[in-house]
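Here is the structure we will look at, set down as structure tokens.
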Amino acid sequence: MEIKRNTLLLGEMLVQKGLITNQQLEQALRLQKKTGKFLGETILNMGFTKEEQLFSILAEQLKVDYISIENIKINQDIVSKVPAKFACHFKIMPVSVEGGSITIAMSDPLDIRLLDDMKLLLNMDVKPALASESDILEAIKRYYGIGAETIEKMMSDSSRQGLADIVPSKSEDLQDMAEDASIIKFVNQILLEAVSERATDIHIEPFENDLKIRYRIDGVLYDAAIPATVKYFQLPIISRIKIMAGMNIAERRLPQDGRIKLKITNNETDIRVSILPTPYGESVDLRILSVGMLYSLPTLGLPEADLQILEEMIKKPHGIIFVTGPTGSGKTTTLYACLTKIKDSTKKIITIEDPIEYQIEGVTQIQVMPKIGLNFAEGLRSSLRHDPDIMMVGEVRDTETAEIAIRVALTGHLVFSTLHTNDAAGAITRLIDMGIEPFLVSSSVECIIAQRLVRTICPKCKVVIKDKKDILKKLAFLKQQPDFGINADKINIYHGTGCEDCKFTGYRGRTGIYEFLVLSEPISELVVKKASADQIKRKALELGMHTLMQDGLEKVIKGITTISEVARVCELKQE
């Protein structure tokens, strides 16, 4: 952000407008001398005023207009007048055209040399306007697309030799293209953007006339802003990813899996790569596994009572703890948090996983390989010869694995595993349906945890919903459920209005909602009698169990998430 002319005058103007005090100005000037940063940037960093207020005053000082780019829509015809390489290099953004004059947003509108260059390039009068550098960069990404200048350069190079040459005939040519500096740069830009946006997955999807790149953020897919011309570089982009993941770039007919290890923004990042053949080329999924994503038990969002139960359960010397829920509900994260909590030098821990999501120091981790006969059951059998104290089985998928896991638990080992069921009580009937004797289930299973992930309200744009009628309508479906005991008139319900921070969704980040079913004596008796899942659930509720939706409602009342989000993950209809 260039704020370097008449800085004292800027400070005085802010004081005159009542935006900062004389004391704050003195503090900012003292800090500016130490850091060497511009006064305006220093005042913003100290939180004395808002960016919009500061830039309005600065624009007045420089006698130019101030534009908040995020609040306006720019016509694509205007954007196309300035090449992406110029916009990216000089950090400028064309905003509007009126007559023979174009308005360009700049962080330094007094850069005469740049204004003259743009006038020559565009053959138009150029009117400068002030905007924050962060606003300009965000607009470049939104309107030109991620890596636009890189794609523009590649298109320019290709036009000299013809677009047909972009599709190589030999794998050697493809490898050369995949190792071209521009392709490497574009793939790196896609990865860097995904990490900065907190994406967990990158999907590269080829269609008949298009190549889409989408990011999964907080469990929801969003289209990435990329230039339309990226479709011409589909093969070299996918080949570059294959080279990074150690795959065979010549093989395009079979699925392939691989891993990429990168250091992005000083963080170790492990990327799991999966490639599938489709009629229009290969589809790529990159699962981003940052070491920073490993959670501790207190950060999972567990209610205090359930956290105490789980901490007691994982101290037990034997038995099975199951975590249930659909794919993507955070089951593996919960299991890793349990293992991280209990691992120490006195315990031997072995995991059998498909795939290994995160490497945990001090834990022996085995990757399942069905092609060579190493499945969960075989992995379990073999691991017992290594004298484990604690074992984690990625998933109980069949009767053989379930039987061995129960046998392991009954012979003095603590076992963690997952099942795909809708709720905790359903896990018991699933095991019995697999052919496991009810008395073995009741004597080996200690606890079943059902869970889902809900998006949390963005803290930057979080506000109270004022319309009480709307609140009551949204709570109507919850009141039909038993034992809530909540007066909707006496609680505040929050939502996010949408801002730049949360991509105008109103949500930022996720937390878990949980249902804990402990196999106490009354529950075990029902299991032995082959009671239905509904009977077991009713008994558990009598004994104090909270359902997934009840935990979700508690998080709504605490202002963590919204009613619609809880209804979405619990698959409930709102009237």
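General remarks:
- Members of region 31-90 that are in a helix (DSSP H, G or I) and of a type in the set (Val, Ile, Thr): THR35, THR42, ILE43, ILE57, ILE69, ILE78, VAL79
- First in region 197-220 and on the phi > 0 side of the Ramachandran plot, second anywhere and surrounded by fewer than 19 Cβ atoms within 10 Å (Cβ to Cβ) and assigned to a loop (DSSP other than H, G, I, E, B), Cβ under 7 Å, 6 or more apart: GLY219/GLY328
- Filtered residues of region 394-403 (kept if in a helix (DSSP H, G or I) and open to solvent by 20 Å² or more (accessible area, probe 1.4 Å)): THR399, GLU400, GLU403
- Matching residues, region 230-287, being part of a loop (DSSP other than H, G, I, E, B), at positive phi and either surrounded by 15 or more Cβ atoms within 10 Å (Cβ to Cβ) or more than 21 Å from the chain's Cα centre (by Cα) (or both): GLY246
- Pairs linking a residue in region 303-314 that is open to solvent by less than 60 Å² (accessible area, probe 1.4 Å) to a residue that is of a type in the set (A, V, I, L, M, F, W, C) and part of a helix (DSSP H, G or I), with Cβ atoms under 7 Å and 6 or more positions apart or on different chains, are LEU307/LEU297; LEU310/LEU297; GLU311/LEU297; ILE314/CYS338; ILE314/ILE342.
- Residue match in region 57-77 (condition: without any contact (Cβ under 8 Å) to a residue 60 or more places away in the chain, open to solvent by less than 50 Å² (accessible area, probe 1.4 Å) and either acidic (Asp, Glu) or touching a strand residue (DSSP E or B) at 6+ places or on another chain (Cβ under 7 Å) (or both)): no
- Residue list for region 10-31, filter: modelled with pLDDT of 80 or more and of a type in the set (S, T, N, Q): THR21, ASN22, GLN23, GLN24, GLN27
- Meets criteria (within 22 Å of ILE436 (Cα to Cα), without any contact (Cβ under 8 Å) to a residue 12 or more places away in the chain and either in a loop (DSSP other than H, G, I, E, B) or out of contact with any Pro (no Cβ under 9 Å at 6 or more places or on another chain) (or both)) for GLU378: yes
- Of note, LEU110 does not satisfy the criterion of being touching a Lys or Arg at 6+ places or on another chain (Cβ under 8 Å) and over 30 Å from PHE38 (Cα atoms).
- The single condition among (1) among the aliphatic types (A, V, I, L, M); (2) modelled with pLDDT of 90 or more; (3) outside any strand (DSSP E or B) that VAL126 does not meet is (3).
- With respect to the stated conditions, PHE207 fails to be among the aromatic types (Phe, Trp, Tyr), over 19 Å from the mean Cα position of the chain (by Cα) and crowded, with 19+ Cβ neighbours inside 10 Å.
- Among the residues of region 172-202, those identified as farther than 24 Å from LEU276 by Cβ, open to solvent by 70 Å² or more (accessible area, probe 1.4 Å) and part of a helix (DSSP H, G or I) are GLU172, ASP176, ALA181, LYS185, LEU192, SER196.
- Checking every residue in region 164-184 against the condition of being modelled with pLDDT of 85 or more, polar (S, T, N, Q) and within 31 Å of the chain's Cα centre (by Cα) gives at least one match.
- Qualifying residue in region 549-561 (condition: surrounded by 18 or more Cβ atoms within 10 Å (Cβ to Cβ), small (Gly, Ala, Ser) and more than 30 Å from GLU70 (Cα to Cα)): yes
- Test: residue in region 404-417 that is crowded, with 18+ Cβ neighbours inside 10 Å, of a type in the set (Phe, Trp, Tyr), at pLDDT below 90 and in contact with a strand residue (DSSP E or B) (Cβ under 9 Å, 6 or more places away or on another chain): no
- Annotation: of all residues in region 418-468 being touching a His at 6+ places or on another chain (Cβ under 8 Å) and among the aliphatic types (A, V, I, L, M), the one that is modelled with the lowest pLDDT is ILE465.
- All of THR334, THR278, THR299 fail the test of being hydroxyl-bearing (Ser, Thr, Tyr), at pLDDT 90 or above and under 30 Å from ALA405 (Cα atoms), apart from THR334.
- Members of region 33-55 that are of a type in the set (S, T, N, Q) and open to solvent by 40 Å² or more (accessible area, probe 1.4 Å): THR35, ASN45, GLN53
- Test result for VAL323, at pLDDT 90 or above and open to solvent by less than 70 Å² (accessible area, probe 1.4 Å): yes
- Conditions (1) open to solvent by 80 Å² or more (accessible area, probe 1.4 Å); (2) without any contact (Cβ under 8 Å) to a residue 12 or more places away in the chain; (3) of a type in the set (S, T, N, Q): number failed by THR21: (1)
- Taking the listed residues LYS73, LYS50, the one that is under 28 Å from ARG30 (Cα atoms) and of a type in the set (Lys, Arg) is LYS50, with no other qualifying.
The values are calculated or read from the model by the stated rules, or taken from the named source; none is laboratory data. This one's a predicted model, so the numbers in the text were calculated from it and none came from an experiment. We place every Cβ from the backbone using ideal geometry, glycine too, and count neighbours over all the protein chains shown. Protein only, heavy atoms only, side chains kept; ligands, DNA and RNA dropped before computing areas. Shrake-Rupley method; radii C 1.70, N 1.55, O 1.52, S 1.80 Å.
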